[in-house]
Amino acid sequence: MIIMAIAFGASGYYFVNYVFDSSMEREVGQALDESSILQFAFETAALNIPSKYDVLQDSAVEEIGVKLEASGQGGRLLRISDEERKALYTSEGFVEETDFLAQIDAQTRTYQIVQSKDRYYVQTGSTIDTLDRVLYLETLKDVTDVFEERTQGFHIYRRVTVLMLLCSSVIMWGIAVWLTKPIRLLTKATQKMAEGDYSYRAERISQDEMGQLTTDFNRMANALEENVEQLENEVRAREDFIGAFSHELKTPLTAIIGYADLLRSRKLDDETHFLSANYIYTEGKRLETMAFRLLDIVVMKRSQLELATSDVAELFDYLKEMYAANEEYRLDIQYAPGQICAEVNLLKSVLLNLVDNACKASEPGNPIEIRGIRQEGGYLFLVKDYGVGIPAEECKRITEAFYMVDKSRSRSRNGAGLGLSLCAQVLSLHHSELMIESTVGEGSCFSFLIPDSKEEDHA
Ligand code: ADP
């Protein structure tokens with residue numbers, strides 16, 4: 001704004017002065033021309049005056065002066081002086097200026113600008129050489145209009161400048177507000193994020209660099225929100241894990257401590273003694289299993305698998321062998337021959353867990369179907385039972401550590417809710433996942449696909 005004000009002011013001043021200078025030049029030219037005409041008219045008039053003497057009389061000069069002034073239609077002011085520069089004729093209202101008269105000489109035509117009261121004049125001076133006399137002729141031309149025009153010009157220009165500055169201030173303010181709006185929106189978004197509101201996004205209102213910055217900022221906010229959410233989930237999962245873990249420890253420990261106390265404090269009959277010792281043993285076993293499984297999960301999280309190609313028959317034969325002596329449940333095993341790329345021992349434990357869960361959920365005598373199906377992209381393992389089933393909303397959570405659908409039922413069957421968590425861990429190392437389909441009262445089907453290895457595909 002300051003630069004604009006200076007630029008407007010300077011250009012206005014230069015423009016008005018330029019107009020004034022050219023007008024003055026024109027007025028001065030006219031005044032000098034008029035002076036020459038008067039000089040010539042005087043000389044002509046002097047020659048025409050009938051005279052008794054050869055020398056021009058002062059009275060004749062005055063007479064010619066009156067005539068010359070009258071021929072100017074009222075606006076002409078002049079002064080004629082003699083050799084001693086004494087005024088012989090002076091128009092009424094002529095501005096007395098003696099210094100200028102002294103400067104007039106025969107060779108040059110001089111002029112100056114004079115001011116009298118509120119009026120301005122161009123004063124010209126020239127010499128008249130006639131009838132053996134050298135006289136000095138001065139004229140005054142009123143140029144007040146030119147000065148007034150200049151004052152008027154400055155006045156108008158000042159008003160225009162102020163008006164333009166006001167208008168441009170409003171426009172510039174508008175532009176500044178419009179240009180900085182994305183920055184304000186971004187600032188608001190950063191403040192919101194600093195306050196912990198990671199879901200807030202800045203609105204993109206332009207397609208320029210600021211718009212791009214807003215998009216980038218929002219992308220960064222998305223990534224940040226995801227990371228924070230992930231961290232929060234991890235923290236929550238860890239807290240849940242610790243809570244569930246201590247809870248699972250508490251139950252067997254309470255039983256062990258209770259029965260141990262009973263054994264040491266009283267003399268019991270043989271049967272009660274055996275039952276108490278048996279409780280301590282089974283609960284101790286449960287704790288042992290839990291400790292091993294937990295250890296497996298922790299080790300699994302950190303380990304890198306060494307996958308090897310093996311025949312699926314090895315897995316199914318193992319299952320058959322494990323349940324050969326079990327007459328309670330009927331395992332129905334059918335599988336297509338095939339090769340898989342996996343860590344077989346870990347897959348054995350996955351299948352064993354699934355079959356074990358299926359047995360726990362089923363009534364004795366119910367069939368448990370185990371299938372191996374060759375599919376495009378991998379080999380599908382399937383364990384299906386006709387047991388109690390799992391409610392749909394629980395299916396998502398049963399792979400969480402210590403999660404049990406029916407706690408008392410699971411505990412009574414030596415479960416601690418760690419088996420499926422371990423399975424999920426093993427399968428994720430094999431780039432696979434556990435798929436669960438279940439209907440309450442009808443049974444469940446657990447399946448997973450071991451993908452073909454890349455080298456195998458190649459072959
Ligand atoms: P657990 O050691 O208690 O068996 P898991 O992690 O193997 O722990 O299983 C978690 C829970 O999922 C079990 O407590 C059980 O309630 C439920 N579950 C697992 N498999 C089945 C199944 N085939 N049918 C019904 N419920 C099942």
Task: Residue under evaluation Ser432, criteria (1) at pLDDT 85 or above; (2) more than 7 Å from the ligand (Cβ to nearest atom); (3) closer than 19 Å to Ile368 by Cβ, criterion not met - done: (3)
- [ ] Of all residues in the stretch 302-337, count the ones that are in contact (Cβ under 8 Å) with a residue 24 or more places away in the chain, closer than 23 Å to Lys360 by Cα and assigned to a helix (DSSP H, G or I).
- [x] 5
Open item on the list: Looking at the stretch 193-204, can you tell me whether even one residue there is touching a residue at least 12 places away in the same chain (Cβ under 8 Å), open to solvent by less than 70 Å² (accessible area, probe 1.4 Å) and in contact with a Leu (Cβ under 6 Å, 6 or more places away or on another chain)?
Closed with: yes
TODO: Assess whether Gly389 counts as being within 13 Å of the ligand (Cβ to nearest atom) and either under 18 Å from Thr289 (Cβ atoms) or not hydrophobic (A, V, I, L, M, F, W, C) (or both).
DONE: yes
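Yes or no, residue by residue, for (1) in contact with a Lys or Arg (Cβ under 9 Å, 6 or more places away or on another chain); (2) in contact (Cβ under 8 Å) with a residue 24 or more places away in the chain; (3) open to solvent by less than 50 Å² (accessible area, probe 1.4 Å):
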position: Ile242; (1), (2), (3): no, no, no
position: Phe245; (1), (2), (3): no, yes, no
position: Glu248; (1), (2), (3): yes, yes, yes
position: Arg264; (1), (2), (3): no, no, no
position: Phe274; (1), (2), (3): no, no, no
- [ ] Scan Leu331, Leu352, Leu347 and give me the residue that is more than 18 Å from Glu437 (Cβ to Cβ), away from the ligand (no atom under 12 Å from the Cβ) and either open to solvent by 30 Å² or more (accessible area, probe 1.4 Å) or modelled with pLDDT of 90 or more (or both).
- [x] Leu331
Task: Failed condition for Glu25, given (1) surrounded by 15 or more Cβ atoms within 10 Å (Cβ to Cβ); (2) at pLDDT 85 or above; (3) closer than 30 Å to Arg150 by Cβ - done: (1)
Task: Yes/no for Thr180 being among the β-branched types (Val, Ile, Thr) and buried (at least 16 other Cβ atoms within 10 Å of the Cβ) - done: no
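Quick grid of which residues meet (1) open to solvent by 30 Å² or more (accessible area, probe 1.4 Å); (2) within 10 Å of the ligand (Cβ to nearest atom); (3) at pLDDT below 90:
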{"site": "Pro364", "(1), (2), (3)": "yes, no, yes"}
{"site": "Arg371", "(1), (2), (3)": "yes, no, no"}
{"site": "Asp385", "(1), (2), (3)": "no, yes, no"}
{"site": "Ile398", "(1), (2), (3)": "no, yes, yes"}
{"site": "Phe402", "(1), (2), (3)": "no, yes, yes"}
{"site": "Gly415", "(1), (2), (3)": "no, yes, yes"}
{"site": "Leu422", "(1), (2), (3)": "no, yes, yes"}
{"site": "Glu437", "(1), (2), (3)": "yes, no, no"}
Open item on the list: Six or more apart or on different chains, Cβ atoms under 8 Å: show the pairs whose first residue is in the stretch 153-173 and over 17 Å from Tyr13 (Cβ atoms) and whose second is surrounded by 14 or more Cβ atoms within 10 Å (Cβ to Cβ).
Closed with: Ser168/Met4
Open item on the list: Checking the structure you have, find out if any residue of the stretch 140-147 is of a type outside the set (A, V, I, L, M), in the same structural domain as Ile64 (by TED's automatic domain parsing) and under 60 Å from the mean Cα position of the chain (by Cα).
Closed with: yes
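The values are calculated or read from the model by the stated rules, or taken from the named source; none is laboratory data. Being a predicted model, the structure only gives us computed values, none of them experimental. Positions of Cβ are generated from backbone atoms using ideal geometry, with glycine treated the same way; all protein chains shown enter the neighbour counts. When the accessible area is computed, the model is the full protein with side chains, heavy atoms only, and any ligands, DNA or RNA have been set aside. Shrake-Rupley method; radii C 1.70, N 1.55, O 1.52, S 1.80 Å.
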